[in-house]
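Here the structure comes first, spelled out in structure tokens, and everything after it is commentary.
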Amino acid sequence: MTDSPAGGKIPRKLNLTPQESKQIIDHIQSNPADLLQIPTVRALLAKSRFERVEATALETLDETSEAVRSHAIEHNMNNLRKMEAVERPSILVYPLRGIEYVVRNAATLKVLTIGPRTESEIFSLIAAGFDPEKITGLDLISYSDFVQLGDMHAMPFDDGSFDIVIMGWVLPYSSENQRVADEAVRVTKPGGIIAIGCPAEIHGEPGTEEAATAVGGVPVSTPDGSKTVSRFFNSGQLMRLFEGKIDTVYFRQDPHPATVEQRGNVTAVFRLNA
């Protein structure tokens, strides 16, 4: 490791001096949770903890609403075992970290994350400054004390229980998106924040015209006809589910024109009326 030349600027290449390396190591030893700031660490930790779970400890919800797509548990169980998309929730957590109110009060805010699947989403919230004791996960599948079993169409929480509700990539598994949105509003405190994301379908697929005015996802059958899913083409579909209930939109994303041939995400983060 070398310092910059005498009289010269610090070079672009990141070279740590022995002193800098020691300072970082000492800090991590005193503050191990800071490692959760690193996406790779979150993914590795989530995978390692899941691999330690006994088969009998992996639970699924016995009874679900008729609005839950029939393939939801099977599909998510398969993806859980493969640890797929473990860092996708960060797409919603990062915008939350940019809201001044959240940054200043994260340690005191109660957070509900719907459908986290793995603990990686929980770790990203801890890395954002939220208190682990104030984070609740709700899913059809659970292997962690961070996540309780429940159906997003009928959440087992009192009205106004949470300051922030995160709904990451769960609406495609519902045939009644409006019912889910209404439940999310119900369990969020007046003036609370909702962050929601869904996969964005490739432009030009069937349903695009309908999606221009759709409230929630457009029901579309899979190519083999075996399943029906709610598909999203723009963030307007998300926002219309909360018509008349939004005070401030903090963040909203539609697929970039340069990526219209690639599957991406539609997202929105907003504050409800007080």
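The values are calculated or read from the model by the stated rules, or taken from the named source; none is laboratory data. The structure displayed is predicted, hence computed values, not measured ones. In this analysis, Cβ positions are derived from the backbone assuming ideal geometry, glycine residues included, and neighbour counts consider all displayed protein chains.
In the range 6-27, the residues that are over 20 Å from residue 38 (Cβ atoms) form Cβ pairs under 7 Å with partners that are in a loop (DSSP other than H, G, I, E, B) and polar (S, T, N, Q), at six or more places apart or across chains, as follows: 10/4; 11/4. Among the residues making up the range 28-73, a single one is without any contact (Cβ under 8 Å) to a residue 40 or more places away in the chain, touching an Asp or Glu at 6+ places or on another chain (Cβ under 9 Å) and surrounded by 11 or more Cβ atoms within 10 Å (Cβ to Cβ): 28.
The set of residues in the range 62-111 being closer than 30 Å to residue 221 by Cβ and under 16 Å from the mean Cα position of the chain (by Cα) consists of 76, 79, 80, 83, 84, 85, 86, 87, 88, 89, 91, 92.
Residue 196 satisfies every condition listed in (1) surrounded by fewer than 24 Cβ atoms within 10 Å (Cβ to Cβ); (2) part of a strand (DSSP E or B) except (1). It is to be established whether one or more residues within the range 20-36 are among the polar types (S, T, N, Q), over 29 Å from the mean Cα position of the chain (by Cα) and over 19 Å from residue 128 (Cα atoms). Yes, the range 20-36 contains a residue that is among the polar types (S, T, N, Q), over 29 Å from the mean Cα position of the chain (by Cα) and over 19 Å from residue 128 (Cα atoms). Scanning for something part of a helix (DSSP H, G or I) and small (Gly, Ala, Ser), does the range 58-71 turn up at least one residue? Scanning the range 58-71, I find no residue that is part of a helix (DSSP H, G or I) and small (Gly, Ala, Ser), so the answer is no. Residues that are among the small types (Gly, Ala, Ser) and under 18 Å from the mean Cα position of the chain (by Cα) were ranked within the range 237-273; the one that is modelled with the highest pLDDT is 268. Residue 184 - would you say it is modelled with pLDDT of 85 or more, surrounded by 17 or more Cβ atoms within 10 Å (Cβ to Cβ) and either out of contact with any strand residue (DSSP E or B) (no Cβ under 6 Å at 6 or more places or on another chain) or part of a loop (DSSP other than H, G, I, E, B) (or both)? Considered against the rule, which asks whether it is modelled with pLDDT of 85 or more, surrounded by 17 or more Cβ atoms within 10 Å (Cβ to Cβ) and either out of contact with any strand residue (DSSP E or B) (no Cβ under 6 Å at 6 or more places or on another chain) or part of a loop (DSSP other than H, G, I, E, B) (or both), residue 184 comes out as no.
Residue 172 passes every criterion in (1) in a helix (DSSP H, G or I); (2) out of contact with any Ser or Thr (no Cβ under 6 Å at 6 or more places or on another chain); (3) over 25 Å from residue 38 (Cα atoms) apart from (2).
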